[in-house]
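**Student:** Quick one: the structure is below, questions incoming.
The values are calculated or read from the model by the stated rules, or taken from the named source; none is laboratory data. What you are looking at is a predicted structure, and each value in this text was computed from that prediction instead of being measured. Here the Cβ positions follow ideal geometry from the backbone for every residue, glycine too, while neighbour counts run over all protein chains shown. Accessible surface areas use protein heavy atoms only, side chains included; no ligands, DNA or RNA. Shrake-Rupley method; radii C 1.70, N 1.55, O 1.52, S 1.80 Å.
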Amino acid sequence: MNALRLSSLLGVALTAGAAQGAGPPSTAGPPCALIRGVTLSDGAGDRVVDVVVRGDRVAAVRILAGGEPEPGCDVIAGAGRVLTAGLVDPYTRLGLVEVDLEAPTVDTDLRAPFQDPSGQIRASVRADLAYNPRSSLIGVTRLEGVTSAISVPSGGVISGRSFWVDLVGARQGTAIQRAPVAMHASLGPRQESRASAFQTIDVALREARDFATRQREWAKNQTPGFLTPRLDLAALLPVAKGELPLVVTVDRASDIEGLLRMTAGTPLRLVIAGGAEAWLVRDALAQRKVAVILDPLTYGPGSFDQLAARPDNAALLHAAGVAVMFSTFSSHGARKLRQLAGNAVRGGLSHAAALDAVTRVPAEVFGLADHGRVAPGAIADLVLWSGDPFELSTRVEGLWIHGRSVPLTSRQTALRDRYRHVPPR
Amino acid sequence: MSRAAVQWAAVLALGAAGCVTRPATVDPGATSDPAAPTPLEALEARAHASVEAPDARVGGPFTLEGGTVLTATGERYAPGYVVVEGGRIEALGAGKAPAPKGTVLDVAGRFVTPGLIDVHSHLGVMASPHLRGSDDVNEATAPNTAQVWAEHGFWPQDPGLERAARGGVTTLQALPGSANLIGGRGVTVHLRPARGARAMRFPGAPDGVKMACGENPKRVYGGKGGPSTRMGNIAGHRAAFADAQKWLRDNKGKAAAEVARDLKMETLAAALEGRALVHVHCYRADDMLAFLAAADEFGVAVKAFHHALEAYKIRDILAARHIAVATWADWWGFKLEAYDGIPETLAFVAEAGGDAIVHSDSGEGIQRLNQEAAKALASGRAAGVKLTDDDALRWVTLNPARALGIDGEVGSLEVGKRADLVVWDRDPFSVYARARWVYVDGLRVIDVDASSAPWSDLELGQEVGE
């Protein structure tokens, strides 16, 4: 309890100047906070509310703002400030990378020791075992309002399994919310033909379905051999059944079309990552209920696969009924997420849809429905902003993850403070 | 005394054994010295002669009226006016134009700023789409390739150029990469479409010389004969400077025709004499200090440190020497020497009296330099640094113009300067702001409301519709 109160002071009172009249700390029951008279902003619009956080959950959202605090509740003045659910970047490498160019600090490439010798199929590897919740990137990222991320492995055609973390705690067990949360594959430009990458995915998924029905025979050594290693088939099984999403990194419209054709009639839950040209096939994506994770800053033919990239990609997809999410596809740059959302609005998307895209949509697409919203029973991952969360002049003034106030500090703020005067004293 | 001359005097005062016989006059805005060119300058002039004639057209007369005018000189006119005639700013001020010229364009509710300037771009030399055939950024065949010129690899059809212009950029320096200790010459281009790099050269802009310290050269050459350490890096710089010093001594007093051409030495000599501006890729504070020690030893004036993520640690030293700090708003950590980057660097440098510059080094970032400046501004203010919007505007206009030696021509809205202007649909520091009209030399090169064919031949005729 003392630790909680201390972090409350560090995290909130310093900037919001608000931890007033909290009364004596209660000695029993879960920690409690009342964010009073705040403008709650989500896909449904803006309204002034009181938000009560108890334990790690949102206990109440009261439209009649300005209510009295419950005994033992910290009170945070929310007037003039905006409260949103914590932002979610669904495609990062957070906790798997400390310094990109230093291999001993990079754990994204799940080259698998027991698998397919080509190195193209790494389905069985779990990236979450390598997650470092003490990485300096975690604190830096959450200071910009990102409270959750999916960390994704890379390499090969089928790269392995990602996991969902909340950016809190020094223990894997505290941070990791779901592992695995998705399987990852990659199409697009490569040394061999992209057709061979399609085949790799196709064969592995077909064999996984086959494997599902013939596991007993396989155990008795009575099946013809599978081309795909057994460990990978087992990992792909929930993907083939549609229980675990398959996130495919691909930009070119024709490649997205090929993917949709190849998987027609299967129960796969497809998600497109990248999707620079996705707007060209938005009707097909909507029909198949395929969600898209995109970077609204992508505008310009970085490759021939992006010749048709345009700044209103997100707006066009959303208008066609496609679920849209945003990602920096980054590690150190993940803190830019709100700038991406702002640029999607600049490109024509509604503010409400852009806010959904970085909160509610990723939570729903990846099956963590208690994240990404501010409602009774939801996980209390909350961000208190000085204004419009997407505007560049807006600052984060308060942060709660799992209901706990998080100090607004990072390794970078420590450097900033040491060098506030030079030479440092 | 020009700023360059001040800097030069500072170098000499430090006891540098330079071989320079006169102060460098690299700022065209400050050039009034009618002295005849030296033999080496005559050689340069011949090397810079153009095959293709630059586009001589200029825009105007017209008058922008009713909008908020941000000048980058400290003045803000809300509302204000700008009168353009003959490609230059003829008048500006608050309220309505007392003597409007040409068409009067009502820009009420909009913001007018100088065209943005990127001091560090690889557009043209690392063109999109990024493929082997379009990669001309690093002549990574030797650690010192002072003889290569970015303009000779600059592809004017890079689709990134139009996208930069759509973000309000009107001038950029295209630089060789940082694989080499001395990567070659950079070229400052004016964003008007042309068939060749020469025709895009910003008139009168001095060349840049790109140098690099830190991890890149040692990584690239560690297995190829060195340098393989930071020690080797600085030794390489010193050796190059020493060679150039000797070459200058050997050619002293010779007529241009008597000078045996040595392309590598000519670039280094231009750097030593201050005729070409030295831009150094350097992340770490201690790397910058080590480079400065070597530069001082040979009388080399550093114009700007680029990517200088740790400049905040030595901002007092850099500000005192008038060395500009060009960096990103929030990049960090992609390599070890970038691990200590903080978002307050630009604000801290500005607070210390230094020249802070937001650069892109990126075909994506150059499309939104205004947003990068806005982020750095917000970070600085949150840390308690007193900054005006005009301060932050200078990070992407006047300060890079000064680092490129063209601040007499562009970088701020002042009478007589080139009419490089951006009309934004709202406050340019908003994430939602878009450049509606972009003018170069008074010519409207971008109009977001008009449909137009792409600048780049590569994008012409591509099937990118439904």
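**Student:** Taking only segment B:365-389 into account, find how many residues are open to solvent by less than 20 Å² (accessible area, probe 1.4 Å), more than 8 Å from chain A (Cβ to nearest Cβ) and assigned to a helix (DSSP H, G or I).
**Tutor:** Qualifying residue count, segment B:365-389: 9.
**Student:** Identify, from the list A:His421, A:His371, the residue that is in contact with a strand residue (DSSP E or B) (Cβ under 7 Å, 6 or more places away or on another chain) and in a loop (DSSP other than H, G, I, E, B). Lay out the reasoning, then the answer.
**Tutor:** On the way: A:His421 fails: in contact with a strand residue (DSSP E or B) (Cβ under 7 Å, 6 or more places away or on another chain).
Residue meeting the stated conditions: A:His371.
**Student:** Related question: Would you check which residues across segment A:365-377 are crowded, with 19+ Cβ neighbours inside 10 Å and either within 14 Å of chain B (Cβ to nearest Cβ) or among the small types (Gly, Ala, Ser) (or both) and list them?
**Tutor:** Residues of segment A:365-377 that are crowded, with 19+ Cβ neighbours inside 10 Å, as a first pass: A:365-366, A:368, A:371-374.
Scanning segment A:365-377 gives a single hit, A:Gly372.
Rundown of residues vs (1) outside any loop (DSSP other than H, G, I, E, B); (2) out of contact with any Pro (no Cβ under 6 Å at 6 or more places or on another chain), yes/no style:
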residue: A:Tyr91; (1), (2): yes, yes
residue: A:Leu94; (1), (2): no, yes
residue: A:Leu101; (1), (2): no, yes
residue: A:Arg111; (1), (2): no, yes
residue: A:Asp116; (1), (2): no, no
residue: A:Gly119; (1), (2): no, yes
residue: A:Ser124; (1), (2): no, yes
residue: A:Leu129; (1), (2): yes, yes
residue: A:Asn132; (1), (2): no, yes
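**Student:** Are there any pairs with C-beta distances below 7 angstrom linking a residue in segment A:395-419 that is within 10 Å of chain B (Cβ to nearest Cβ) to a residue that is of a type in the set (Asp, Glu), with the two at least 6 apart or on different chains, and if so which?
**Tutor:** Note: pairs meeting the criteria are A:Val396/A:Glu144; A:Leu415/B:Asp340; A:Arg416/B:Glu344.
**Student:** Could you please give the count of residues in segment B:286-329 that are assigned to a helix (DSSP H, G or I) and among the hydrophobic types (A, V, I, L, M, F, W, C)?
**Tutor:** Final tally of qualifying residues: 15.
**Student:** Is segment B:12-35 home to any residue that is modelled with pLDDT of 95 or more, open to solvent by 50 Å² or more (accessible area, probe 1.4 Å) and at negative phi?
**Tutor:** Initial filter on segment B:12-35 (modelled with pLDDT of 95 or more): none.
Checking segment B:12-35: not a single residue is modelled with pLDDT of 95 or more, open to solvent by 50 Å² or more (accessible area, probe 1.4 Å) and at negative phi.
Yes/no per residue for (1) exposed (fewer than 14 other Cβ atoms within 10 Å of the Cβ); (2) assigned to a loop (DSSP other than H, G, I, E, B):
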site	(1), (2)
B:Val415	yes, yes
B:Val423	no, no
B:Arg426	no, yes
B:Ser430	no, yes
B:Val445	no, no
B:Ser452	yes, yes
B:Trp455	no, yes
B:Leu458	no, no
B:Val464	no, yes
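**Student:** Return only the number of the condition from (1) of a type outside the set (Asp, Glu); (2) open to solvent by 30 Å² or more (accessible area, probe 1.4 Å); (3) more than 13 Å from chain B (Cβ to nearest Cβ) that A:Ser350 does not satisfy.
**Tutor:** (3)
**Student:** Restricting the search to segment B:336-364, which residues are more than 8 Å from every other protein chain (Cβ to nearest Cβ), touching a helix residue (DSSP H, G or I) at 6+ places or on another chain (Cβ under 9 Å) and open to solvent by 10 Å² or more (accessible area, probe 1.4 Å)?
**Tutor:** B:Ala350, B:Glu351, B:Gly353, B:Gly354, B:Asp355
This table checks each residue for (1) in contact with a strand residue (DSSP E or B) (Cβ under 6 Å, 6 or more places away or on another chain); (2) surrounded by 18 or more Cβ atoms within 10 Å (Cβ to Cβ).
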| residue | (1), (2) |
| --- | --- |
| B:Arg192 | yes, yes |
| B:Met200 | yes, yes |
| B:Gly204 | no, no |
| B:Val209 | yes, yes |
| B:Cys213 | no, yes |
| B:Arg219 | no, no |
| B:Ser228 | no, no |
| B:Met231 | no, no |
| B:His237 | no, yes |
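**Student:** On to the next question. For segment B:440-466, which positions are over 24 Å from B:Ser128 (Cα atoms) and within 28 Å of the chain's Cα centre (by Cα)?
**Tutor:** B:Asp441, B:Gly442, B:Leu443, B:Arg444
**Student:** Take segment A:63-119 and flag every residue that is within 14 Å of chain B (Cβ to nearest Cβ), among the small types (Gly, Ala, Ser) and open to solvent by 50 Å² or more (accessible area, probe 1.4 Å). Before the answer, list the steps.
**Tutor:** Residues of segment A:63-119 that are within 14 Å of chain B (Cβ to nearest Cβ), as a first pass: A:92-106, A:108.
With the extra rule that they be among the small types (Gly, Ala, Ser), the set shrinks to A:95, A:103.
A:Ala103 - this is the single residue of segment A:63-119 that is within 14 Å of chain B (Cβ to nearest Cβ), among the small types (Gly, Ala, Ser) and open to solvent by 50 Å² or more (accessible area, probe 1.4 Å).
**Student:** Within 24 Å of A:Gly155 (Cα to Cα) and within 11 Å of chain B (Cβ to nearest Cβ): which single residue out of A:Ser303, A:Ser327 fits that description?
**Tutor:** A:Ser303
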